[in-house]
Structure formats: structure tokens, C-alpha cells
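Data block below; observations after.
The values are calculated or read from the model by the stated rules, or taken from the named source; none is laboratory data. Just so it is clear, the structure is predicted and the values come from calculations on it, not from any experiment. Positions of Cβ are generated from backbone atoms using ideal geometry, with glycine treated the same way; all protein chains shown enter the neighbour counts. Note: accessible area is taken over every heavy atom of the protein model, side chains too, but ligands, DNA and RNA are not part of it. Shrake-Rupley method; radii C 1.70, N 1.55, O 1.52, S 1.80 Å.
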Amino acid sequence: MGATDHEVERDREERNEGEEQGREGGGMGERDVEKGEAVDGGGGDGDGDGDGGEHGREFHMSMMQRLNPTNPLRIHVISQVPSRAATPSPAQPPLQPRSTPTPQQSLITLNSRKYTNKMSLFLFCLHFVLAIGLVGFLVFKGVQGLIQASDRVKRKEMRVLKFFLPQVEAASLLSITLAFAWQKAFRVWPNFMVHFIMWCSFLTSLSAGILLICFQKASTDGVGVCLMGFAIGNGLYACWVTQRIGFCTKVLVKSLEPVSKFPDLNQPTYWMLGVGFLWMSLWIIAVLGALNFYFPPLTIIALVLSLAWTAEVQRNVVNLTVSRVISLYYLRGMQSSTKFCFQRALTKNLGSACLGSLFVPAIEALRIVARGLNLLEGEDEFMFSCAHCCLNVMQFIFSCGNGWAFVQIAAYGKGFVKASKDTWSLFKSQEMEEIVDSDITSSICFLTGVCSGSICVIMVAAWTFKVHQPFTATISLLAFFIGYLMTRIAMALPHACVSCYYVCYAENPDNRLFDKTIKDRQSLIKSGRDVVVPTPRVPRRFTT
């Protein structure tokens, strides 16, 4: 009986241990459900036979699919974690309260569909409609004068047609030819052309000035003196920037490399020059009609200003087209369609091109004035005050508008002012201010236009002085203007490539498409082994 009692008592203890293990397994299941897990409790049969304790059966805990906190209908499947029912699981960390997810910052799209600078676009369209109306009316007046006017007016207009129109048309054709020749030469021999244009513009402008002075007429003497004065300044500038030419050439060579990947990249230039030539032909006939209209000088000045703005907008349309194609290649490795980029520049980004056409030339002019006044700083108190004021204005203008903005306008569809500020912030963050300030690419493009204009002056002035001397000075000025504008349209392609190289490098310096040209330049500047002459700004001692 004693042995039997001991066996019965031992069986009762084993059954009690099995029930306790079953309850522990059930408790574990409840705790796991709070964490999003469901566990098979093991002794859930309730028979109290202690099978889990006796045989050490393993129970695999299956995990429930956890709900996404942002969308309860979207689930994340969590992998199953095996666990033994007989062995208590380690202590789990306390649950963290679920926080509301913060929205991520929206990425800047490369396919913005909004129009930029709508007010500038409206003003340019209004101006262009008025210009078309005025040119059409003046063309009508010119034809009317040839048919119905008095003999005196007819003789005057016939004289203009015979001795004015052919020279101007010839200057337009010559300037277009030179424009394509310069652009092709820059793409093939960039290293040689930087040095060549620097001194060729000096020689051609000096030659044109000497030629006009040799005619010994008051009007031609005035124009000739202006050209000779510019030539002297050009020569001094060429000597001043000698140390920068090497780096400028390296950047130009590197930035022109992607052009070969886009065979149709020059098509916008062809279209803009063709349209420019047709508009120039109508514009010349309108000048003829302005001679029979009220206030001829004011009318001709208005026509000249309209032509200048229109040509600058054409140049910046080419700039925006090339900038979008090249910037998307740098930033995303995309082979963009030049046709669609051209359409975008003519529609959505045209307002920024119109505003930049007014802003950027003024900025460049103020840049030259600021550098000149900075040389006089400290010489005279009055001149020092002027320099200080001008430098303050320059600092504000550079933060609101600069020529580098066209890259971000083309790539991201930003407005002109915002793109200018963002671009300059990028340069500051990468410590590139000194490098971009000392870049002479825009000066090279400007001098290329001056070179074409001077060549047109030499050709037209000699022709006009031979056939009709009174028109020599007027046609010389007009030929220089036309040659400069046409060449600047063609030179927008290399200028845009260099701008994209700088801006896209500032945005992603680690891009494999960029070499160590800029990094090496920065290292030389920081070590003091290279000297740059930045755009003058307000000295720190006056801003504190």
C-alpha cells in the first residue's frame, strides 16, 4: 500500500506540473498576441496528462501579419520565429508607442509643367505683338513712300534702298557665317581658340577703328575713336586674365565632351539664326519706313531696343535648350531629345529667358564697372564711397540674378530669381565662389561677338565709303550690332556647356562624369599656390 500510495502521489505531482506548464504556455501566447504574435499554447488540450512535459514536444509560434501604421489595409509579412513551448522565452523589450510617420520631403521634379516668370513672358509677348505691328506698319509706309510719295521722298527712299539695304543684308549673312565658323572652331580646337579670340578681337576692333578714322569724317571719327578705345581696354584685359586662360581651357575642353553624343544639339541654333535673319530683313525695311514717319530718331531707337531684346531672348532659348540636354546627361545620365527640350524652352521656360535677357546683360555691365571702381578704392574719398555703394549693389544683384541660373531653370523649371539664389547657394556650399567668379567663358563669348562685329564693320565701312559716304558711320554701327548679336546666338552652345559643367558639379561633385579639374583648382587656391581675382564685393571690414 505504501508503494502504491507513493506511485499515486508521484502521478498526481506530474499531472500538476503538466497543467502548470500548459498555463505558462497560454500566458506566453497572450503576451505575444499583444505584440502582434499568436502562439500555440502547448497544453491547450486540457486533459492534464502532461504530454508536453514528458516528451519535451516543441511548439512553433506562428507570427501574425503586422499591420502597417500608415495604412491598416497594407500588411508586412514577418518571418516566423521558432520557439519552444517548454522553455520560457527571453524577456521582450517593452512596446514603443506608434508614432505618426512624418511625410518625406518631395523630390524636385525634372519635368515641371508650370510656366516660369509669367509676368515677364506676358510683357515680352505684348512687346513682340506691338513690334510686329509696328514693323508691319513701317514696312507699309516704306512701300507707300516708294509708290505714292512725292519725287523728293521717292529719291530719298531709293537712295536708302540702293546704298543701305544691300550692305546691311551682307552684314547679316557674313555674321551668320562667322557665327557658325567660330562655334565649329571652338568645338574642334578649344585650346587654340581661347587664345586666338582674346587677341583677334583686339586686332579686329583696332583695325576697324583705324579704318574709320582714316575716312576723315566727323561721324566716322567718333565711331573709330570708340572702337580704338575698346581695343585698348581689350588688350589690357587680355594681359590681366593670362593666368586664368589655362584653367578656362581645361573646363571648356571637358564641358564640350558630351556634345558629340547629341548630333542634333545645334538645330536650335540653326532655327534661331534663320528666324533672326528673316526678322532682321523685315526690320531693315521698317527702318526705311521710319524715315517717313513721325519722330524718325525715336522710332529707330525703339526698333533697335526691340531687336536687342528679341535677339537676347533667342540666345537664351538656345542656352536653355542646350542646358537641359547637357544637365540631364550629367545629373541622370539621360539621352534627352533636343526637339522636346527646344519646345520646352520656347513655351514653359520662355518667361525666364525673357527676364534673364534683361537682367544678365545689366549684371555683366555692373560687374565690369565694379571691377573698375575697385581699382580706385582708397585713391579718393568720393571714389571710394562710389565703389562701396556699387559693391553693395553688386552683392545684392548677384544673390538675385546671375547667368548661371539658366541651368536650374532648364533642369528643374524654377523661376529666374529662385534659380539664381539656389545656384549661388550651391557654389557657396562647395566653396566654388572664387572659381566661378574668375571664369572667363562669358568674356570669351562676348569678345567673339565683338570680333564678328568688327569684321562686319571693316567690310561694310569700306563698301559704303566707296558707294555713298554719308551712310558710312550709320551702317558701320548697324553692322557691328548685327554681327555681335548673331554671333552671340551661336556661341550660346559652348557657354551653356560650361555653365552646366560648373552647376552640375556643384550639385554632385562625386559624379563619375567629372574629373579632378575643379578639385585640383580648389586645392591650389586653398594652398595659396594659385591666385584668382574674384568679382569685387564689399570688404569684410565694412560689413561688420
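Calculate, for segment 170-264, the solvent-accessible area per residue in square angstrom, rolling a 1.4 angstrom probe over the heavy atoms of the protein chains.
Each residue of segment 170-264 exposes 47 Å² on average to a 1.4 Å probe.
Figure the gain on full extension for Lys466 and Ala308 (residue separation times 0.36 nm, minus the Cα-Cα span) and round it to one decimal in nm.
54.0 nm
Can you give the Kirkwood hydrodynamic radius of segment 388-526 from its Cα pairs, in Å with one decimal?
In segment 388-526 this quantity evaluates to 17.6 Å.
Quick one: how many Å² of Tyr115 are accessible to a 1.4 Å probe, rounded to 10?
The value for Tyr115 is about 100 Å².
Separation between the Asp520 and Phe192 pseudo-spin-labels, each 7 Å from Cα along Cα→Cβ, expressed in nm?
Each label point lies 7 Å from its Cα, and together they span 2.3 nm.
For the residue pair Gln144 and Val241, what label-to-label distance in nm results when each label sits 7 Å from Cα along the Cα-to-beta-carbon direction?
Modelled inter-label distance: 4.8 nm.
By the gyration tensor of its Cα atoms, with a ≥ b ≥ c the square roots of the eigenvalues, what is the shape of segment 452-502: rounded for a/c under 1.5, prolate for a/b over b/c, or oblate?
prolate
Find the centroid of the Cα atoms in segment 205-248 and in segment 282-311, then give the distance between the two in whole Å.
With segment 205-248 and segment 282-311 each reduced to a Cα centre, they are spaced 28 Å.
At Val225 and Phe180, where each label point lies 7 Å from the Cα along Cα→Cβ, what is the point-to-point distance in nanometres?
Distance between label points: 4.0 nm.
Output ³J(HN,Hα) for segment 265-282: one whole-Hz value per residue in order, computed from phi by the Karplus curve 6.51 cos²θ - 1.76 cosθ + 1.60 with θ = phi - 60°, and x for Gly and Pro.
5, 8, 4, x, 5, 4, 5, 5, 5, x, 5, x, 5, 5, 5, 5, 5, 5
I need the fraction of alpha carbon pairs in segment 128-245 separated by more than 23 Å, rounded to a whole percent.
58 percent
Of all the accessible heavy-atom surface of segment 213-303, with the other protein chains kept in place and a 1.4 Å probe, what percent is carbon and sulfur?
73 percent
Using 0.36 nm times the number of residues separating His127 and Leu358, minus their current alpha carbon distance, what extension gain do you get?
Result for the pair: 81.8 nm of gain on full extension.
Expressed in nm to one decimal, what extension gain is obtained for the pair Glu433 and Trp199 from 0.36 nm per residue of sequence separation less their Cα-Cα distance?
That works out to 81.5 nm of additional length.
With a 1.4 Å probe and every protein chain left in place, work out the accessible area per residue of segment 400-465 in Å², rounded to a whole number.
26 Å²
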